[in-house]
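Beneath this line is the structure, given in structure tokens, with notes to follow.
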Amino acid sequence: DAKTTQPPSMDCAEGRAANLPCNHSTISGNEYVYWYRQIHSQGPQYIIHGLKNNETNEMASLIITEDRKSSTLILPHATLRDTAVYYCIVRVAWNYGQNFVFGPGTRLSVLP
Amino acid sequence: DTAVSQTPKYLVTQMGNDKSIKCEQNLGHDTMYWYKQDSKKFLKIMFSYNNKELIINETVPNRFSPKSPDKAHLNLHINSLELGDSAVYFCASSQEGGINEQFFGPGTRLTVL
């Protein structure tokens, strides 16, 4: 799996957009970028994934640079409930034998 | 309806005991996982099962033995518990052949005294 680099922590004001960066400079052509988050001590929760195009769903947007060496997860209007650790993972899809490698992630604190 | 459930939620036991954690998913997925999250909060894969067959077995002591009686269940049995086994254990499931979005259970906090 390609390694990812994320800032250890970030703050964001409630109601503002939270932009969480991730570097994955060694990503290969068939590896997807996945984002998960873990709120307090709950199980991780899937947010979004993408290959090379920007993606948006009801939770967030994922912006992937053209060279695919970095990406940004955007929470458009952060709320207090978005306070969590956010994990960026790169992995080949459709691969039975490949696991997810969770790094330390970014601890996002949404402040009132 | 809970998608991935684990029992028990909390488990406190003495060193040397044998304990089991159960996991069930009602999503119809064919792959299930066990992860360990230690006190430093690093989440590490332990095992992966696809259609009841072991796919991934990371460097885990053989005191840990997963058992998958059917596709919907993956239980974790731990023999001769040690202090270092104290952690939160998460079960997860996914449908292979696709994007591999994993659904996680609520976790089991194991404390070994």
The residue that is modelled with the highest pLDDT, considering only those in region A:7-54 that are of a type in the set (D, E, K, R) and either surrounded by 20 or more Cβ atoms within 10 Å (Cβ to Cβ) or within 28 Å of residue B:25 (Cα to Cα) (or both), is A:37
Failed item in (1) within 13 Å of chain B (Cβ to nearest Cβ); (2) closer than 26 Å to residue B:90 by Cα; (3) within 15 Å of the chain's Cα centre (by Cα); (4) of a type outside the set (Phe, Trp, Tyr), with residue A:55 passing the rest: (2)
Residues that are within 14 Å of the chain's Cα centre (by Cα) and within 9 Å of chain A (Cβ to nearest Cβ): list the strands (runs of 3 or more DSSP E) wholly contained in region B:25-113 that include at least 3 such residues. B:31-37, B:43-50, B:87-94
Enumeration of residues in region A:1-38 that are closer than 11 Å to residue A:106 by Cβ and either hydroxyl-bearing (Ser, Thr, Tyr) or not in a strand (DSSP E or B) (or both): A:4, A:5, A:6, A:7, A:8, A:9
Could you tell me which of the residues B:80, B:65 is among the polar types (S, T, N, Q) and in contact (Cβ under 8 Å) with a residue 24 or more places away in the chain? B:80
Could you grab me the full set of residues in region A:57-112 that are within 17 Å of residue A:29 (Cα to Cα), modelled with pLDDT under 95, among the polar types (S, T, N, Q) and crowded, with 16+ Cβ neighbours inside 10 Å? A:98
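The values are calculated or read from the model by the stated rules, or taken from the named source; none is laboratory data. The structure displayed is predicted, hence computed values, not measured ones. Using ideal geometry, Cβ is built from the backbone for each residue, glycine included, and neighbour counts are taken over all protein chains shown.
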